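Read-outs throughout are calculated quantities, based only on the coordinates presented, and are distinct from any laboratory measurement. Everything numeric here is computed off the predicted structure, so don't read it as measured data. Every residue, glycine among them, receives a Cβ derived from its backbone with ideal geometry; neighbour counts consider all protein chains shown.
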Amino acid sequence: MLFNHGHAVQDTYDNNIQALQCNLVVTKELDPANLLSYKNACEKLAGLTGVSPITTNMCPETCLAFTGPFSELNECPECGSPHYQKANGHCCKQPLQVFHTIPIGPLLQALWLSEESVEKMKYQTEKTQRLFTSMFENGGHIPVYKDFIHGGDYINAVPDIGDHNMVLLLSIDGAQLYKRKQSDCWIYIWVIMDLSLGVRYKKSHILSGGFIPGPNKPKNIDSFLFPGLQHVSTLQKEGLSIWDASVKWQFSS
């Protein structure tokens, strides 16, 4: 049920659970107590997929995230807002505001567990090989520019990318959640450039990177990207173990 309500709010899930519980009581088909709450369903899903958000403290006015050089500060250097809540006049370690980062590693690993998905992930590698063959046959000339692989930055980076590695694009923007209200949420996403043009920008293939609540526009965007980019940097350094379902073997990306 949680999968079926992946784009719905918690209230929708809870209302459906309540309706299902009432029906089960009448039909006596299943013990209503066995139905998972929204929280337990999310925890179950995180355990099965390995995808769990990273929670990080931030300025309640959205100036910056308390990461990197700001991690030990007790107040925001931009606006002076406190980092932590106060209890009985004393500062406790309960943050006033947090944001969430979705680690990209487990999401990328999941893409290789399906043979159909693996076939889609071969686009970048196959097109790059054809491009270099075409350039060799045409004296380095590229006859048609259709995708990022035809750009000079990418072509120069190919030797560093190597085999079995993936290419990601990060995009961030504000989102207006309410009709008559300023943007009060910033979202960044990962676009998987290994996928073809007809697939990579579809909603089902775009991966969430992080969610930054308002009320204002972030002043230091790098501090909010820090957890996600630190995770990517670690994968670049240590490698990401991938199981390729199409050939039944494991490799490090």
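Structure notes:
- The residue among GLY140, THR12, THR62 whose Cα reaches farthest toward the positive pole of the charge dipole of the chain, with charges on the beta-carbon of Lys, Arg, Asp and Glu, is THR12.
- For the residue pairs LYS122/LYS146; LYS122/LYS248; LYS179/LYS202; LYS86/LYS219; LYS93/LYS217, alpha carbon separations beyond 19 Å are given by LYS179/LYS202; LYS86/LYS219; LYS93/LYS217.
- Alpha carbon Rg of the stretch 145-207, scaled by the compact-globule rule 2.2 N^0.38 Å: 1.46
- Under 17 Å of direct C-alpha separation, and excluding same-chain neighbours fewer than eight residues apart, LYS237 reaches these aspartates and glutamates: ASP160, ASP163.
- Qualifying trypsin sites (Lys or Arg not before Pro) in the stretch 113-196, DSSP loop, other Cβ atoms within 10 Å at most 12: LYS146, LYS179, ARG180, LYS181
- Of GLN18, GLN129, GLN236, the one that fluctuates the most in a GNM where the chain has Cα springs shorter than 10 Å: GLN18
- Over the stretch 99-252, relative contact order from alpha-carbon pairs under 8 Å, at least 6 apart, %: 31 percent
- Residue with peak Gaussian network fluctuation, the chain [Cα springs, cutoff 10 Å], from VAL144, VAL98, VAL191: VAL144
- Projected label distance in nm at CYS42 and SER241, using a 7 Å step from Cα toward the beta-carbon: 2.8 nm
- In the list (1) 52, 42, 32; (2) 73, 59, 40; (3) 64, 52, 33, the label attached to Cα extents along the principal axes in Å as derived from the coordinates here is (2).
- Compared with the direct C-alpha span, the chain from ILE161 to LYS248 gains 29.0 nm at full extension, assuming 0.36 nm per residue.
- Counted by Cβ distance under 14 Å from LYS86, the other residues give a net charge of 0, where Lys and Arg count +1 and Asp and Glu count -1.
- Within the chain, the selection of entire DSSP H helices by a Cα span of 24 Å or greater along the long axis and an average Kyte-Doolittle value of at least -1.0 returns 10-27, 221-238.
- Mean-square fluctuations from a GNM of the chain, with a 10 angstrom spring cutoff on Cα atoms, peak among ILE221, ILE242, ILE17 at ILE17.
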